[in-house]
Each structure stands twice: as C-alpha cells, then as structure tokens.
1. Let's test the formula: R0 of 45 Å, r as the Cβ-Cβ distance of residue 326 and residue 72. What FRET efficiency results, to the nearest 0.05?
2. Taking Cα centroids, how far is region 292-335 from region 125-168 in Å?
3. Would you kindly work out the equivalent ellipsoid of region 1-137 from its C-alpha gyration tensor and give its semi-axes, the square roots of five times the eigenvalues, largest first in whole Å?
4. Please find the FRET efficiency linking residue 355 to residue 44, where r is the Cβ-Cβ separation and R0 is fixed at 25 Å, and quote it to the nearest 0.05.
5. Can you compute log10 of I(q)/I(0) for the chain with the Debye formula, treating each Cα as one identical point scatterer, at q = 0.07 Å⁻¹?
6. Would you mind checking region 228-245 for residues with the amide N under 17 Å from a putative spin-label position 7 Å along Cα→C-beta of residue 274?
7. Between rounded, prolate and oblate, where does region 188-299 land on the alpha carbon gyration tensor, with a ≥ b ≥ c its root eigenvalues, rounded for a/c under 1.5, else prolate if a/b exceeds b/c?
8. In Å², what does the accessible area per residue of region 273-408 work out to with a 1.4 Å probe?
Amino acid sequence: MTSDPAWPSLATTPPIDGAHSKIKSRLVEAVEQHRDEILALSHRIHEHPEPAFEERQAASWVAEAVARHGYRVEHPAGRLETAVRGRLAGGLGTDGPRIGILAEYDALPGLGHGCGHNTMAASGVGAAIALAGVASQVRGEIVFLGTPAEERGSGKQFMIDDGLLDGLDAALLFHPSDRTQTACALLASEDVEITFTGFQAHAAADPWKGRNALDALVMLFSSIGLWRQQLRPDARVHGIVIEGGTAANIIPDRTVGRFMIRSTDELEFGRMRERFRQLVHAAALAADCEGEATFSGGSSTMKDNATLRDRFLANMAAYGITDNPVLPDQLGSSDMGNVSQVLPAIHPSIAICEEGVPGHSIEFRDAAASPRADEVTLIAAALVAHTAWDLFADPALVAAAWREFRGA
Ligand SMILES: [Zn+2]
Ligand SMILES: [Zn+2]
C-alpha cells in the first residue's frame with residue numbers, strides 16, 4: 001500500500017467558473033451548509049440496512065428530509081409502500097422542464113449496504129436540498145424520486161407503471177463504485193423463482209415411494225453449469241437455493257431456487273429466458289417432479305443519454321475528477337435501464353474507494369461509510385444539482401436530450 005489516495009472534496013474545490021457560476025456556487029454552498037444533515041442520513045441508512053421492498057425506515061427518513069426543505073411529498077407513492085415522490089414548483093412558473101432526481105436505498109440481504117445505496121439516498125436528498133435553495137429562480141419543476149427495490153424486483157418499473165415519472169424530461173442520479181465512469185452500459189436482467197414439487201417419504205425406510213424435489217434442483221444447477229459453455233461471454237446466469245428440504249431423513253417434496261439471468265442483448269435475452277424454462281422442465285421431468293418458473297422484476301439495457309452525460313462530465317471536470325471508459329466485461333444491471341427506455345437518463349458512477357474493490361462485498365459495504373464516500377456523496381449531490389440546473393437554465397439542452405432519445 002502506498003500513501004493515502006487523494007480524493008476530491010467539496011472543501012478544496014476551486015471556485016466554479018463558466019456559465020451560471022453564481023447559481024452553481026450557491027448550490028455548492030447549500031450542500032456545504034447541509035453537510036451534517038446529508039451525511040447523517042447516509043450513515044443512518046448504512047447502519048439500518050433494509051432489503052428490496054422493505055426499506056420502510058430509509059423511505060421515511062428520505063421523505064421527511066425533502067419535506068423539511070419544502071417539497072410536496074407523496075409517501076407511499078403509487079403501489080409501493082417504500083416509494084417516495086417529492087415535488088417542488090419553480091418560482092418562475094411550472095411551464096419549464098421537469099427534472100427528476102432519483103435516489104435508491106435498498107440493501108442486500110445478509111450483507112447490508114454492499115452496493116452503497118446509502119450514499120445514493122443521501123446525495124439525491126442533498127441535490128434536492130440544494131435545488132430547493134434556488135427554486136425561486138427555476139422555471140419548471142424539481143421532482144425527487146425515492147426509488148425502492150433496485151437490487152431485486154425493479155421498483156422503478158412499478159413507479160413508471162404507476163405514472164410517477166410521467167412528464168419528466170430527465171432522470172439523474174449517482175451510483176458509488178470503485179471506478180469513476182459516467183457512461184453506463186447495463187445487462188438486461190430478470191429474476192426467476194423456481195419451485196419444484198415432489199412427494200415426501202422416509203429417506204431410509206421407503207425412499208422409493210418419494211419423488212425428490214431436491215434432485216430436480218441439483219439437476220437444474222448442473223444443466224445451467226453445462227449451458228454456460230454455449231452462452232455468449234456477456235451472458236450471466238446465477239442463483240441460490242432458498243429451500244432445499246427440511247431434514248436429511250425426509251425425501252424433499254418442495255425445493256425453491258432463486259436465479260437471475262442477464263444479457264447485453266435484448267433479443268438474445270429472450271432466447272435465454274426460453275432456454276431457461278426448458279432446463280427447468282427437463283430437470284423436473286428427470287426427477288419425476290413438477291417444476292414452475294416465475295419470472296419477475298425485469299430490467300432493461302441502458303439507453304445512455306450522451307447529451308445529459310456531457311453536462312455531468314463538464315460539471316465533474318470542475319472538481320478535477322476524471323472519467324474512465326466502460327469496461328465491457330464488468331457489466332451489471334439496474335432498473336435505471338427501464339427509466340432510460342422512457343425518458344432521457346444517465347447513470348454516472350464515482351469512485352468511493354480504490355479500484356479493484358468488488359461491489360456487493362463486505363469491503364465495498366465498509367467503503368460506503370468511509371470519509372471518502374462521505375466527500376463523494378456531497379460532491380455527487382452538487383454535480384447532480386448542477387446538471388439539473390443546466391437543464392432548467394437552458395431548455396434547448398432539454399430539447400437536445402429528447403432529440404437524442406428519439407433518435408433524431
Ligand atoms: Zn447499486
Ligand atoms: Zn447492487
């Protein structure tokens with residue numbers, strides 16, 4: 001290990017120049033002024049991790065925070081108990097862009113905030129707080145969206161279906177990473193729950209009377225392992241056993257597995273889903289059981305908006321933060337992909353730790369509460385606020401983002 005890594009800090013940022021420098025400086029000052037409130041939120045959520053669809057405390061804390069700063073808050077919003085929407089009308093009228101600031105806050109079961117969503121919640125709230133301070137000079141509407149269930153279940157798709165993103169012109173957020181990277185490519189992904197049903201019997205006295213549902217599940221894992229040889233390099237199939245039987249001396253009559261399948265290509269993804277169904281059917285047949293596959297929580301590939309990303313990049317450059325290209329072999333998935341299919345969106349990542357720390361790990365979880373993560377959370381709040389301001393100040397930019405989105 002060499003010396004401490006130098007990381008960017010709001011406190012050491014040179015004065016911002018260029019277009020709208022006055023407002024942008026005010027946005028930074030507002031983040032600075034609410035530093036303790038923003039970071040306390042990040043740490044409180046980190047210390048109380050809640051998995052997808054169960055983020056009751058985090059959603060309440062986030063909703064309370066934006067309400068304190070003048071937002072009209074709906075919580076729950078739509079069908080999801082842990083979804084939040086806060087709206088703040090611009091002082092110059094609402095006949096301008098509607099800019100969405102998104103914040104995730106779900107954790108990983110058994111790990112906690114191994115994806116660092118506590119920093120996303122806090123930076124989203126921080127951006128909303130900063131923008132509230134200049135709302136009197138906004139023509140349009142600032143829309144804060146607390147978006148549950150990113151790790152599983154694609155909460156943002158429910159919010160889209162419930163109309164909570166209707167009328168938005170852009171969707172902005174920040175995600176922590178081990179690598180700063182404003183561009184985003186995502187794998188299409190879907191959750192699959194498999195249930196095999198057999199018949200119970202004494203495992204020693206009369207096992208021939210049973211039909212073993214665990215055999216079916218083992219068979220499924222084996223066939224997935226063999227299938228990988230024929231999959232494209234960017235495809236992913238991975239799963240865990242949720243229920244594997246209840247006792248070694250009972251032939252299991254019910255087993256449950258949870259899987260995710262992913263691909264960079266939507267067409268290939270469709271073929272994979274069909275093939276996966278066949279593997280489930282074949283495993284059930286081999287073990288003389290019934291097999292059921294339930295697909296849910298689909299997330300799409302990302303339609304990354306370069307017009308928005310260029311603004312984020314320019315704002316980031318003011319902090320001396322340099323960008324890195326997307327690594328084609330390190331792709332994940334996010335329901336931000338679903339958002340990007342309905343309106344201009346970006347999913348920039350900023351490093352909160354040294355490169356090489358794997359996501360969804362204890363190391364990354366600990367990094368998400370480190371002093372460096374705190375500084376990045378504040379900077380991300382400022383960058384998201386700056387990018388939102390660019391859009392409010394220049395409706396032509398919003399039009400350009402839509403033109404790009406529509407492929408014109
Ligand atoms: Zn994440
Ligand atoms: Zn994650």
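1. With a Förster radius of 45 Å, E is 0.75.
2. 17
3. 26, 24, 11
4. With R0 = 25 Å, the Cβ-Cβ based efficiency is 0.35.
5. One equal scatterer on each Cα of the chain leads to -0.36.
6. Only 231-232 fall inside the zone, counting backbone N under 17 Å.
7. Judged from the Cα gyration tensor, region 188-299 comes out prolate (a/c at least 1.5, a/b above b/c).
8. In whole numbers, region 273-408 has 41 Å² accessible per residue.
The values are calculated or read from the model by the stated rules, or taken from the named source; none is laboratory data. In this text the structure is predicted, and so the values were computed from the model without any measurement. Methodologically, a virtual Cβ is constructed for each residue, glycine included, from the backbone with ideal geometry; neighbour enumeration extends over all protein chains shown. Note: areas computed on protein heavy atoms with side chains; ligands, DNA, RNA excluded. Shrake-Rupley method; radii C 1.70, N 1.55, O 1.52, S 1.80 Å.
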